[in-house]
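Please read the structure below before turning to the comments.
No value in this document is a laboratory result; all are computed from the given coordinates. If you're wondering where the values come from, they're calculated on a predicted model, not measured in any experiment. Note: ideal-geometry Cβ built from the backbone for every residue, glycine included; neighbour counts use all protein chains shown.
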Amino acid sequence: MTKVYKSIAVGVEEEKRIITIYYKPYIRYEFSAGQALSRYLQELKNGRIIGRKCNKCNRILVPPRLYCEQCFRMTDEWVYVRDEGIVNTAVVSYITQDARKAERPEVVGVIELIDAPGQGIFHRINVDPKEVVEKTVFGKRVRAVWKKSEERVGDVNDILYFELVKS
Ligand SMILES: [Zn+2]
């Protein structure tokens, strides 16, 4: 392995050219989501959003954390929150999740949850990109559209997207 790197370094210096190496990494890993995030993912599979409440600052943390970083103490209880929020930030994305060019642009942004002020979920928002450009989407109320229960796997993509709440 060391020899390979040496020859690359020499090649770059002597020939003044850029060497490009293509390889497909084979990386397998697993990690524990932890107690709080595991429960969050399980509840997403059930079609519900759950958070942790800190009784000192009265915040509901979503995604849930067992420790309140503002109060330096453990959070106190599990709380279900409605799957509704307000569009806090939004951008028009022209690339897919895996950085390929999107067939059509989509709007993504942070939805601040009605029941958990200051906490948000970054997700797709099913609106015309024009609403972002014209800044009319911000502050609008949206609701999660979920996958069918048999299709949910315990992932944030169990929510397909957020859509505008008709008033
Ligand atoms: Zn707190």
* Extending each Cα 7 Å along its Cβ direction at residue 165 and residue 19, get the distance between those two points in nm, one decimal. => 6.0
* To do: Pop out the ³J(HN,Hα) list for the stretch 26-32 in order, Karplus 6.51 cos²θ - 1.76 cosθ + 1.60 with θ = phi - 60°, rounded to Hz; leave Gly and Pro as x.
  => 10, 10, 10, 8, 9, 9, 7
* Asked: Taking Cα atoms, how many degrees apart are the long axis of helix 2-15 and the longest axis of the chain, rounded to 10 and kept between 0 and 90?
  -> 70
* Provide the net charge surrounding residue 160, with neighbours chosen by a C-beta distance below 12 Å and charges set as Lys +1, Arg +1, Asp -1, Glu -1. => -1
* C-alpha center-to-center spacing [the stretch 95-157, the stretch 39-61] in angstrom -> 19
* Give me the angle, in degrees from 0 to 90, between the Cα long axis of helix 34-45 and the longest principal axis of the Cα atoms of the chain, rounded to the nearest 10. => 70
* Asked: How high is the relative contact order of the chain, in percent, with contacts defined as C-alpha pairs under 8 Å that are six or more residues apart?
  -> 19
* Over 28 Å (Cα to Cα) - which of 24/130; 130/166; 56/147; 56/148 fall in this group -> 24/130; 56/147; 56/148
* On alpha-carbon atoms, Rg over Rh for the chain using Kirkwood Rh? -> 1.15
* Amide H of residue 125: which non-local residues (sequence gap of 5 or more, or other chain) have their own amide H closer than 5 Å, using H built in the peptide plane? -> 107, 108, 109, 162
